[in-house]
Amino acid sequence: MSSHEIVGIDVAARKLVAVGEEVALAAAYENTPAGRRALVAALRHSPRPVRVVLEATGIYFLDLACELAAAGIAVMVVNPKATHHFAEAILQRRKTDPVDAAMLREFGRRMDFVPWQPPRHELFAFRALTREAQALSKVVAAAKNRLHAITATKLAPHALIGALERQIAHNQALIDELVAAALAQAASDPELARLVARTDSAPGFAAKAAVLVVGELAVLPPMTARQWVAQAGLDVREETSGISLARRPRLSKRGNKRLREALFYPALNRGAVLPGGRRLCRAAGQARQDPAAGDRRADAQIAARIACPVAL
């Protein structure tokens, strides 16, 4: 028997399902402050030290993970992709909350336990600002595309054109307000100020791109430039096996999609000004056209050089 009580918790927007080994737990708990307090109190009655395993399910796991850590209960937050493949590996056939909680408990038994440390609340608040600004940027881009399509014909009603123009202006003003709020928060926080200033100083970055990138990276533990690249899903994925499988290398795109989107325009800008950047871009283009030609890792090299100022 393990020296620890391993507990798997399946997290949903309104409900928490916990499955342990010996500790007495209710069938389900509400994902509310009162429900989470009841769950923490039950875990404290365990005769053995408790280790909790849960998935990073959107934003719904965050309060529970923070409250568990504050109560001195070790918690591991697992990437859902890892648990998905683990469930396939153990031939899990059903998909219910109790079954998923039991699967997470089994994950904690078999895999190395990596404790999760909650970042400062100010960093989460900063990320909330930057993520909303990024979401509104997509809304503005979609509205601009609709406006462009509508104005391609003389039959477009002026009321619709005006409505779209006002929507774009309103959302752009909200974006500017959110970016200004993020910059103001960064100015009052030495750690954020250092990260934003260092990122903004890199060629290709502006204030908005800098806060978007820092918002995604500031809540993470220290990493190397190579790890930053993998976190953004910009690492190279190779697929070769024997003589039957020889696909061209490509970016994995297995990482933080928001971070990858935030790096897109800085990458374009920096590729033009970085020493050797144009050569790397040409090599990447050749590799895309012919897997046997050029530098197959050019895209990753550019991404790594972009990520270096943030990683330091």
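The values are calculated or read from the model by the stated rules, or taken from the named source; none is laboratory data. What you see is a predicted model, and the numbers here were worked out from it, not measured in a lab. Ideal geometry is used to build each Cβ from the backbone, glycine not excepted, and the neighbour counts take in all protein chains shown.
Go through Gly204, Gly215 for me and flag whichever is outside the structural domain of Arg127 (by TED's automatic domain parsing), surrounded by 14 or more Cβ atoms within 10 Å (Cβ to Cβ) and touching a Phe, Trp or Tyr at 6+ places or on another chain (Cβ under 7 Å).
Working: Gly204 fails: touching a Phe, Trp or Tyr at 6+ places or on another chain (Cβ under 7 Å).
Result of the check over Gly204, Gly215: Gly215.
Pick from region 228-245 the residues that are part of a loop (DSSP other than H, G, I, E, B) and among the hydrophobic types (A, V, I, L, M, F, W, C): which of them is farthest from Arg131 (Cα to Cα)? Of everything passing the filter in region 228-245, Ile243 is farthest from Arg131 (Cα to Cα). All of (1) over 21 Å from Pro80 (Cα atoms); (2) free of Cβ contacts under 8 Å to residues at least 40 places away in the same chain; (3) not basic (Lys, Arg) hold for Tyr265 with one exception: (2). Restricting attention to region 42-51, the residues that are in contact with a strand residue (DSSP E or B) (Cβ under 6 Å, 6 or more places away or on another chain) and either over 18 Å from Thr83 (Cβ atoms) or free of Cβ contacts under 8 Å to residues at least 24 places away in the same chain (or both) total 4.
Filtered by the rule that a residue be more than 15 Å from Ala133 (Cα to Cα) and polar (S, T, N, Q), region 176-198 gives a lone residue, Ser188.
In region 217-235, the residues that are within 18 Å of Arg198 (Cα to Cα) and touching a residue at least 24 places away in the same chain (Cβ under 8 Å) form Cβ pairs under 6 Å with partners that are of a type in the set (D, E, K, R) and in a loop (DSSP other than H, G, I, E, B), at six or more places apart or across chains, as follows: Val229/Asp235.
Taking the listed residues Arg258, Arg254, Arg248, the one that is more than 22 Å from Ala180 (Cβ to Cβ), of a type in the set (Lys, Arg) and not in a loop (DSSP other than H, G, I, E, B) is Arg248, with no other qualifying.
When Ala74, Ala87, Ala65, Ala82 are screened for being out of contact with any helix residue (DSSP H, G or I) (no Cβ under 9 Å at 6 or more places or on another chain) and modelled with pLDDT of 90 or more, only Ala65 passes.
Annotation: of all residues in region 52-105 being out of contact with any strand residue (DSSP E or B) (no Cβ under 7 Å at 6 or more places or on another chain) and small (Gly, Ala, Ser), the one that is surrounded by the most Cβ atoms within 10 Å (Cβ to Cβ) is Ala87. Can we say Val236 is among the hydrophobic types (A, V, I, L, M, F, W, C), under 18 Å from the mean Cα position of the chain (by Cα) and outside the structural domain of Val77 (by TED's automatic domain parsing)? So Val236 fails the test.
With respect to Val50, determine if the residue is under 30 Å from Leu217 (Cα atoms) and touching an Asp or Glu at 6+ places or on another chain (Cβ under 6 Å).
yes
Inside region 148-172, can you point out the residues that are among the aliphatic types (A, V, I, L, M) and either closer than 25 Å to Arg258 by Cα or in contact (Cβ under 8 Å) with a residue 40 or more places away in the chain (or both)? Of everything in region 148-172, those that are among the aliphatic types (A, V, I, L, M) and either closer than 25 Å to Arg258 by Cα or in contact (Cβ under 8 Å) with a residue 40 or more places away in the chain (or both) turn out to be Ile168, Ala169. Restricting region 24-41 to residues that are buried (at least 18 other Cβ atoms within 10 Å of the Cβ) and in contact (Cβ under 8 Å) with a residue 24 or more places away in the chain, the residue that is nearest to Asp100 (Cα to Cα) is Ala28.
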